[in-house]
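Working notes, structure below.
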Amino acid sequence: MSVLPDKEAIKKEARWLAIGFIALSIALIIAFRQSPWSQSLRTAAALYWLFVLPGYALALCSRQGFVERFIIGVSVQTAVIGQASYFAGLWGWHVATHGLVLPVVSIAIGVYLWRKYEAVHHHSRVQ
Amino acid sequence: MNKDHLIELAFLALVFGSLLFIGPGAVLQHQLDHETPQFGAVDGLLYAMLSKHVAETGNYRYNPFYAVAGFKDSIAYHPPVLMHIVAMFSHVSGLNPYSSLSVILGVFVLFGAFVMYWLIRSYNKKIAMLSVPVFVFLYVFNFVIGYIWGEALLLMGSFFLIALFFLFDKQGLTNWWIPAGILIGATINTHTSETIFFYGFVAFFLGMKLLLRQLPKSERNFWLKQVALATLLALIIGFNYLIIFYNGYYKITGSSYTSFKAVRPEESGAIRVPTVYQFSKPVFYAMLIGAAIALVLARKHAHPALLTSGFMFMVGMSNYVGFHYRAFQQRFLWPITLALFFGITIYFIVKRFSAKLVVPAMLGLLLIGYVVHAHYNPVHTDVIYPSQWEGFKWVEQNTPESARTLFLYGDSYSQSLRIIKRLVFLLDPNDLAAMAQEGKLRRMIKTDPILMSEMYLIYRKGLFDFGYYGKEQNLTIFGAPIDLCGYDYYVVDRQSAYAPQFVQLTVQMANVLLAHNITPVFQNDQIAILKNNNVGGECLA
């Protein structure tokens, strides 16, 4: 079983996420070559903002390898954001702003849980 | 990072970059944003319309009034999650909802393929690399139909299902039941048949492990406890939609889901069902051998990757034991879920020659090249002519919300009319042909209201209490002949690629209408729109 990633590991993984973003942008630019580059970049940014970054954060404390966390995180975040948006819509909150707010909530929850687990982990290491 | 990691990274970048290019890229004609939906059948156009409805109205509480005979409180009975994901993505990406649906489906089908790759990889990295050439068949006929005809809920629901399969390889995951419960909830709220397949897989997974004596008591207890907790969480998440599903789909069309009827692919009617032979002979035989080897390998170690492929093959063939349409739908995803069988066969051939990772990587790329060269043809679908689209926009922007518009005949109208945000009707082509035979026009004609009417226009009275406008009110729009002179607008096509004889008839009909109190208000090279200034009065004498 992999251990909880520490700050250094997260910094390294952030680099991989950035490389992934560049790769995705290039792939979209090539696959949709009839569209302006800016549109492909915004599409890649939207995919990252809605699914990848919050998914990565949500899976931080799952004690798996980077790619496994990436897969689980993105899948769960897609499920979470879709269902949260449905219920938020039923309660009268217009979907137009869900995409701006809900990822922030997922990231906040992910970071909070990671810090909580990290504190316990750190405490047990010190002891 | 070592050399093997670099090889795999380059391999994956090339594979998935190429798949994005020949798949969603080609289907969307290498352009992200389109004004019209890029789907070739009614399902895709329906979900495109619903996604736009959610993006504009802000939620999916009710169906759009123009799709349910003008009722403004007929509740949404399709699973809601995909429409919300697309609406959100549309607002953040700036793409219109139609294109957003195509992009989201394209991306998540490919991500599902990546998840399957990683699941196979956890069994054997080289087998995983040699399995990917089969992914190309996602974009080969008939498999590509799932995407271009817009089996949207199936594709998204299947993505969540593949993610659930992946979790079965992650027994060590902290609180396994939480992600599993969220994903099961997502299948309920996206495409409910995948929920049933998930529980089928749980039974298959535990049953096979028990049979092969690979299920110690501690592991059995772990899975039973985690699946039970996950189910509880999923029921909480899916509670609201399950109530709607029970009172809608289950009560009204339940017999078609609960009755078992064996159907062969050639008996499937409108849907073009993929068969195993469409993998082409060499690939099919390799997969057949791979399936036999997988069975032998599973006796040693029943890895979730092996069990997933075995299970999804059986699901796809379950039409022969009565699951008819749901079985056929899963076949669209066979290029992902059965890819492992191909990879195993090639692996057992290759491993005799070299142990280096670069060999399966190069061979995987070569085989992708072969499949693309031998079987792939770019396809794109766009059933709406630009001039027709101009007419659709005119109707939306220039007619009152309550206006009723009759389309006399036009190519693909039985599919494309549902994206117009008005109450629209289509003259029954059979009735048109009958009038031609009779040699005269009738006032009382048969029309097809372009509605989502499968659930009798369901509405909600309370949490568990539902009514059905379609049963309670004497709606004359269904089936019964309707007065031709009772419409506010008429749309006449001037040309047709498929049935020019119908266009001749409808143009004659339009000329008769124009001789009465009916005036042209819009026209282009394809269509003319006529306004009825005396609704209900004489229009044919």
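Which one of B:Leu357, B:Leu366 is closer than 29 Å to B:Val140 by Cβ, buried (at least 16 other Cβ atoms within 10 Å of the Cβ) and over 27 Å from the mean Cα position of the chain (by Cα)? Lay out the reasoning, then the answer.
Values: B:Leu366 fails: buried (at least 16 other Cβ atoms within 10 Å of the Cβ).
Sole residue among the options that is closer than 29 Å to B:Val140 by Cβ, buried (at least 16 other Cβ atoms within 10 Å of the Cβ) and over 27 Å from the mean Cα position of the chain (by Cα): B:Leu357.
When you go through A:Ile81, A:Ile26, A:Ile30, A:Ile72 one by one, which is the residue that is closer than 18 Å to B:Gly172 by Cα, assigned to a helix (DSSP H, G or I), at the interface with chain B (Cβ under 9 Å from one of its Cβ atoms) and modelled with pLDDT of 95 or more? Please lay out each step first, then the result.
On the way: A:Ile81 fails: closer than 18 Å to B:Gly172 by Cα; A:Ile26 fails: closer than 18 Å to B:Gly172 by Cα; A:Ile30 fails: closer than 18 Å to B:Gly172 by Cα.
Exactly one residue qualifies, and that residue is A:Ile72.
Going by the structure shown, is B:Leu514 surrounded by 14 or more Cβ atoms within 10 Å (Cβ to Cβ) and more than 29 Å from the chain's Cα centre (by Cα)? Break it down stepwise before answering.
Values: surrounded by 14 or more Cβ atoms within 10 Å (Cβ to Cβ): yes; more than 29 Å from the chain's Cα centre (by Cα): yes.
In short, yes.
Would you check if there is a residue in the stretch B:78-94 being under 18 Å from the mean Cα position of the chain (by Cα), closer than 22 Å to B:Thr190 by Cα, among the polar types (S, T, N, Q) and modelled with pLDDT of 95 or more?
No - not one qualifying residue is present in the stretch B:78-94.
Restricting attention to the stretch B:99-158, and to residues there that are in contact with a His (Cβ under 7 Å, 6 or more places away or on another chain) and not in a helix (DSSP H, G or I), which single residue is farthest from B:Ala374 (Cα to Cα)?
In this case the residue turns out to be B:Tyr123.
Given the options B:Ile178, B:Ile182, B:Ile188, name the one that is closer than 25 Å to A:Val74 by Cα, among the aliphatic types (A, V, I, L, M), over 21 Å from the mean Cα position of the chain (by Cα) and crowded, with 21+ Cβ neighbours inside 10 Å.
On the way: B:Ile178 fails: crowded, with 21+ Cβ neighbours inside 10 Å; B:Ile188 fails: over 21 Å from the mean Cα position of the chain (by Cα).
Exactly one of B:Ile178, B:Ile182, B:Ile188 is closer than 25 Å to A:Val74 by Cα, among the aliphatic types (A, V, I, L, M), over 21 Å from the mean Cα position of the chain (by Cα) and crowded, with 21+ Cβ neighbours inside 10 Å, namely B:Ile182.
Considering only residues that are more than 8 Å from chain A (Cβ to nearest Cβ) and on the phi > 0 side of the Ramachandran plot, which ones fall in the stretch B:39-74?
Those that are more than 8 Å from chain A (Cβ to nearest Cβ) and on the phi > 0 side of the Ramachandran plot: B:Ala69, B:Gly70.
Yes/no matrix, rows are residues, columns are (1) buried (at least 24 other Cβ atoms within 10 Å of the Cβ); (2) over 19 Å from the mean Cα position of the chain (by Cα):
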| residue | (1), (2) |
| --- | --- |
| B:Leu101 | yes, no |
| B:Val107 | no, no |
| B:Leu110 | no, no |
| B:Tyr123 | no, yes |
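Enumerate the pairs (first residue in the stretch B:95-112 and more than 11 Å from chain A (Cβ to nearest Cβ); second residue anywhere and assigned to a helix (DSSP H, G or I) and of a type in the set (A, V, I, L, M)) with beta-carbon separation below 6 Å, excluding pairs fewer than 6 apart on the same chain, so at least 6 apart or on different chains.
If the second residue must be assigned to a helix (DSSP H, G or I) and of a type in the set (A, V, I, L, M), the pairs left are B:Tyr98/B:Ala48; B:Leu101/B:Ala48; B:Leu101/B:Val86; B:Leu105/B:Ala152; B:Leu105/B:Leu155; B:Val109/B:Leu155.
Name the pairs: first residue in the stretch A:44-61 and more than 8 Å from chain B (Cβ to nearest Cβ) and at negative phi, second residue not in a helix (DSSP H, G or I) and not basic (Lys, Arg), Cβ to Cβ under 8 Å, at least 6 apart or on different chains?
If the second residue must be not in a helix (DSSP H, G or I) and not basic (Lys, Arg), the pairs left are A:Leu60/A:Leu4; A:Leu60/A:Pro5.
Have a look at B:Leu215, B:Leu161 and point out the one that is of a type in the set (A, V, I, L, M), free of Cβ contacts under 8 Å to residues at least 60 places away in the same chain and not in a loop (DSSP other than H, G, I, E, B).
Working: B:Leu215 fails: not in a loop (DSSP other than H, G, I, E, B).
Answer to the selection: B:Leu161.
Does any residue of the stretch B:211-234 turn out to be within 11 Å of chain A (Cβ to nearest Cβ) and either exposed (fewer than 15 other Cβ atoms within 10 Å of the Cβ) or at pLDDT 95 or above (or both)? Before the answer, list the steps.
Residues of the stretch B:211-234 within 11 Å of chain A (Cβ to nearest Cβ): B:234.
Then drop every residue that is not either exposed (fewer than 15 other Cβ atoms within 10 Å of the Cβ) or at pLDDT 95 or above (or both), which leaves B:234.
Yes, the stretch B:211-234 contains a residue that is within 11 Å of chain A (Cβ to nearest Cβ) and either exposed (fewer than 15 other Cβ atoms within 10 Å of the Cβ) or at pLDDT 95 or above (or both).
Taking the stretch B:271-290 only, how many residues are aromatic (Phe, Trp, Tyr) and touching a residue at least 12 places away in the same chain (Cβ under 8 Å)? If you could, list the steps in order and put the result at the bottom.
First pass over the stretch B:271-290, keeping only residues aromatic (Phe, Trp, Tyr): B:277, B:279, B:284-285.
Still in the list and also touching a residue at least 12 places away in the same chain (Cβ under 8 Å): B:279.
Of the residues in the stretch B:271-290, 1 are aromatic (Phe, Trp, Tyr) and touching a residue at least 12 places away in the same chain (Cβ under 8 Å).
Only residues that are small (Gly, Ala, Ser) and more than 7 Å from chain A (Cβ to nearest Cβ): list them for the stretch B:17-38, please.
B:Ser18, B:Gly23, B:Ala26
Restricting attention to the stretch B:75-94, report how many residues are in a loop (DSSP other than H, G, I, E, B), surrounded by fewer than 24 Cβ atoms within 10 Å (Cβ to Cβ) and within 9 Å of another protein chain (Cβ to nearest Cβ).
Of the residues in that region, 1 qualify.
Out of the residues in the stretch B:164-175 meeting the condition of being part of a helix (DSSP H, G or I) and facing chain A (nearest Cβ under 9 Å), tell me which one is farthest from the chain's Cα centre (by Cα).
We begin by selecting, within the stretch B:164-175, every residue part of a helix (DSSP H, G or I); these are B:164-167.
Next, from what is left, pick out any that are facing chain A (nearest Cβ under 9 Å): B:164, B:166-167.
On the way: B:Leu164: 20, B:Phe166: 22, B:Leu167: 24 Å.
Restricting to residues being part of a helix (DSSP H, G or I) and facing chain A (nearest Cβ under 9 Å), the top hit is B:Leu167.
The values are calculated or read from the model by the stated rules, or taken from the named source; none is laboratory data. Owing to the predicted nature of the structure, the values given are computational and were not obtained by experimental measurement. Note: ideal-geometry Cβ built from the backbone for every residue, glycine included; neighbour counts use all protein chains shown.
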